[in-house]
Structures are given as C-alpha cells and as structure tokens.
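Written below as structure tokens is the structure these notes are about.
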Amino acid sequence: MSGSTYRRTRADGSPGRWHAVIDLPPGTNGKRRQKTTTHDTKHEAQAWLSKMHQEARTGDLPDDKITVATFLTTWLDGKKGLRPSTLVDYHRHIEQLFVPELGHLKLIDLRPRHIDEVLTRYQLAAETRGRPVTVKTSRRILATLHSALEAAVRQGLLRRNPASMVELPRPTRYHPKVWTKDQAELFLRVTEDDPLGLVFRLLLITGMRRGEVIALQWGDLDLTERSIHIRRAITLVDGELIVGPPKSEAGDRTVFLDATTTDKIQRLQRRAVLEHPWDSGIELDDTFVFSIRSGPLHPAHLSRRFTTLCKQAGVPVIRLHSVRHTSASLALAAGEPLLQVSRRLGHSSIAITADTYSQVTPEAAKSAATTLSDAIIGT
C-alpha cells in the first residue's frame, strides 16, 4: 500500500497546507481507491500516513465508502434466526428511525452525538404526539443499534462502537404487585368453574408465561407423570399470532403439576377426546389444549378476562404477567429452592430469579422476623 505527502502552493504564491494521500484496497467493483487528508504541518501529514500504514498491516483500516444505511440494511438482512417479535422491533428501529436519520453518514464518521441527537428528536416527537417514550423503550432502541455496530467493529469497519458511549437514564426499578397466599387462594376458588379458570390456575401453579400456556398442545402433556413439556410459545406480532420457540433456550423445560390440577386437566382431556374430529386427519396431540374454534386463545382476550375475574373475586387487579411473579414469590416463601424456582420459570440464570421474582411477601417477612428472633433469644 503506497502513500505520499505533498504541499500545494496558493494562488498568491504562498505555501499552502500539507496533504497526505494513501492508496486503499480496491473496492468490491475492483476500482482503485485513495484517501486524502489535510494537515497544518508536514510532520502531522507524515504521522497520519504512518498510522494508516500500520492499520493497513494489522487489517484495521476501515472502509470509508460504506454508509450507515448500507451497513445497517445489510446487517438487518442477515438476521433470520431471531424471534419474530425481536425481528419486528429490529426492522422498526432500523428502517423507520436510524436509516432515515443517520443513513446518509459514512459509517466511519458516525459519532455518539449523532445517535444522541436522533434519540432526543425521537423522544421530543413522541411527546408532541402525546405518547412519551419510556426509558426502557429508548434503551431497547439503542440496544438494536449497539448490536449492529458491534458487528461492524468485529468486521473491522469501525474501531470502536459509538453507541457504547451514548448515555441514557437508568430505568426505574420495577416492583410488581403480587398477591398474598390468601388472595391467590381466593382467586382460584372463585374462578374454579370459569371456562378459563384452569388456564389461570396453570399460570399460578407453574409460573408459565401467558404465551406458553396458550401454546400448549395435548402432546406436550404427560398426565401419568403429572408433567408438562414447554416447547413453544405464542406471541402477538403486528396483530398476528405467531407460534415459535420459548423466550430463551432455558424456556424449553418440563414443569410438574399437583394432583388437583392434573385431575382438572384429565377431565378437560376426556371432553377433548369426545369432541375431536377424528376423521380430519389431525391427531389430538397436535391440537391446542385451550382453544377457540380449533385455534389458540388470543393473548389479549386472556388478559381482559383476567382483569374481569380479579374484580369479581375481590382481589387486587394486577397484570396477568404478575401472576408469574406471584407464583415465584409464594413458592420461595413456602421454601421451594431458588434454583428449582428458576428452572421452573425457564430463566437462563438463577440471578434473574433472585433479582426479579423474589419479592418478599408480608407473611414471609413476618415469619422470617419471628424465626430470627427465636434463633437469637429463644421462644
């Protein structure tokens, strides 16, 4: 790779600034490429040239022709194995925000301030529409760009990731509302005969996610062993129900049932056997356990029905996902080992369970205080 320095003479005959030029590797079209910079002194021009030669030898010479739009579009096209909901978010962030706002820039010219300005404009526009952007959403949008630019660093197109230097406020720690043992028991008792009562019982007893419960098929159940193999989940993506794998690799798991829940499922199964159209060519094992007109339950319908039943039962109205929090908290308070709770919930790390789902109930706190007092000073 060759290069040189030179100095032009101004129109009035006075010496001008120093220039450094270096030959770059040919582009994808095979054409010759050069890069030229301007400096105040010959020493600065030679120093830059020396640096470029060093980077060329180590393979760390970025391509100064690739734009942000070209790179992000190419990166996005290669993302095929993601969860459908994640892929929709990536397309939304890249195609609707970062490419229109930053696409014209050369990738090597992208700076933290450019990203920060885009996020600020996005937040202001959302506030103008009366729909403020939460800190969590802003961080998720930034995470998409960060992931893409990390790929650029690995490919040698960037020396460092400018998204890493963008600072966003930390989200406020979320403390979910959970039921006490008495409230959970009351809800199960009041909703026992509701058509969806068994769904909510499973959510509370097993800690499964909403999408995992409604994705259950009869082939996933082994009622002799009183177990359920969770192998898929249903998510709502742009108004369409998508059946896919669980949220993470750890989400593919087996959970076990109590005798009462197993008995209720067996009764439902007997009815399913009687109502199944055996001449359709579809095996019962391949049909959904909880269905409407041979299709899965809609997640939104389940959440709305849950709110109605909370009011009817006279228990605090919590988010449906908080039933999962309740399941974990009550299990830990009852003495179920943390590792076992973590695996039952399908967490990839026991730290997630300890940090997120171990909210202490008042009953457990009182019991712990009494236990500690007895241990120190006796009964």
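So how much slack lies between GLU283 and ASP258, counting 0.36 nm per residue of separation and subtracting their Cα-Cα distance, in nm?
On the way: separation 25, 0.36 × 25 = 9.00 nm, distance 2.66 nm.
Additional length available on full extension: 6.3 nm.
Considering the dipole of the chain built from charges on the beta carbon (Lys and Arg +1, Asp and Glu -1) around the Cα centre, which of HIS175, LEU216, GLY197 is farthest to its positive end?
Of the candidates, HIS175 comes out farthest on the positive side.
Dividing the alpha-carbon Rg of the chain by 2.2 N^0.38 Å yields what? Mind dumping the intermediate values first?
Working: Rg = 29.7 Å, N = 379, 2.2 N^0.38 = 21.0 Å.
Normalised Cα radius of gyration, the chain: 1.41.
How long is the gain from HIS19 to GLN96 if the chain were fully straight, where each residue apart is worth 0.36 nm and the alpha carbon distance is subtracted?
23.8 nm
Report the extension gain between LYS79 and VAL153 in nm, rounded to one decimal, defined as 0.36 nm multiplied by the number of residues separating them, less their alpha carbon distance.
Once the chain is fully extended between LYS79 and VAL153, it gains 24.9 nm.
Only Cα pairs within less than 10 Å get springs; with that Gaussian network setup on the chain, which residue of GLN217, GLN266, GLN46 has the largest fluctuation?
Greatest mean-square fluctuation among the candidates belongs to GLN46.
Please find, in a Gaussian network model of the chain (springs between Cα atoms separated by less than 10 Å), the residue of LEU274, LEU204, LEU107 whose mean-square fluctuation is greatest.
Highest fluctuation among the options: LEU274.
Collect residues whose amide H, placed 1.01 Å from N in the peptide plane, falls under 5 Å from the amide H of ILE230; neighbours closer than 5 in sequence don't count.
Those qualifying (amide H under 5 Å, at least 5 residues apart or on another chain) are ARG253, THR254, VAL255.
Considering every pair of different Cα atoms, what Kirkwood radius, in Å, is found for the range 162-237?
Details: mean 1/r = 0.0637 Å⁻¹.
Result for the range 162-237, one decimal place: 15.7 Å.
Determine, from the Cβ-Cβ distance of SER50 and ILE108 and an R0 of 25 Å, the FRET efficiency 1/(1 + (r/R0)^6), rounded to the nearest 0.05. Intermediate values should be presented prior to the final figure.
Working: r = 19 Å, r/R0 = 0.76.
It comes out at approximately 0.85.
Taking only the Cα atoms of the range 181-369, how large is their convex hull per residue, in Å³? Walk me through the numbers on the way to the answer.
Numbers: hull volume 24.4 nm³, N = 189.
Expressed per residue, the convex hull around the Cα atoms of the range 181-369 is 129 Å³.
First select every other residue whose beta carbon is under 13 angstrom from the beta carbon of LYS247; then total the charges, Lys and Arg +1, Asp and Glu -1. Intermediate results must be reported in sequence, preceding the final value.
Numbers: positive: ARG83, ARG209, ARG210, ARG231, ARG232, ARG253, ARG324; negative: GLU212, GLU249, ASP252.
In short, +4.
May I ask which of LYS106/LYS247; LYS177/LYS311; LYS247/LYS311; LYS136/LYS181; LYS79/LYS136 have a Cα-Cα span longer than 27 Å here? It would help to have the intermediate numbers written out before the result.
Details: LYS106/LYS247 36 Å; LYS177/LYS311 15 Å; LYS247/LYS311 30 Å; LYS136/LYS181 31 Å; LYS79/LYS136 23 Å.
Cα-Cα > 27 Å for LYS106/LYS247; LYS247/LYS311; LYS136/LYS181; rest within.
At a Cα cut-off below 25 Å, give the lysines reachable from LYS42, other chains included and same-chain residues fewer than 8 away excluded.
Counting by Cα, and skipping residues close in sequence, LYS42 has these lysines nearby: LYS51.
Which residue, GLY295, GLY207, GLY244, tops the fluctuation ranking in a GNM of the chain built on C-alpha contacts under 10 Å?
Between GLY295, GLY207, GLY244, it is GLY295 that shows the largest mean-square fluctuation.
Okay, helix-only estimate at 222 nm for the chain: each DSSP H run of n ≥ 4 adds -39500 (n - 2.57), divide by all residues, round to 500 deg cm²/dmol; what do you get? Kindly include the intermediate steps, with their values, before the conclusion.
Numbers: 15 runs with 177 residues, N = 379.
Roughly -14500 deg cm²/dmol at 222 nm, from the helical runs in the chain.
In debye to the nearest 20, how big a dipole does the range 181-369 give about its Cα centre with +1 on each Lys and Arg Cβ and -1 on each Asp and Glu Cβ? Present the calculation step by step, with values, prior to reporting the outcome.
Numbers: 23 positive and 23 negative charges, 113 e Å.
Roughly 540 debye for the range 181-369.
A short reminder: the numbers here are calculations on the coordinates, not readings from a lab. These numbers come from a predicted model, not from an experiment. A quick note on method: Cβ atoms are made from the backbone with ideal geometry, for glycine too, and the neighbour counts reach across all protein chains shown.
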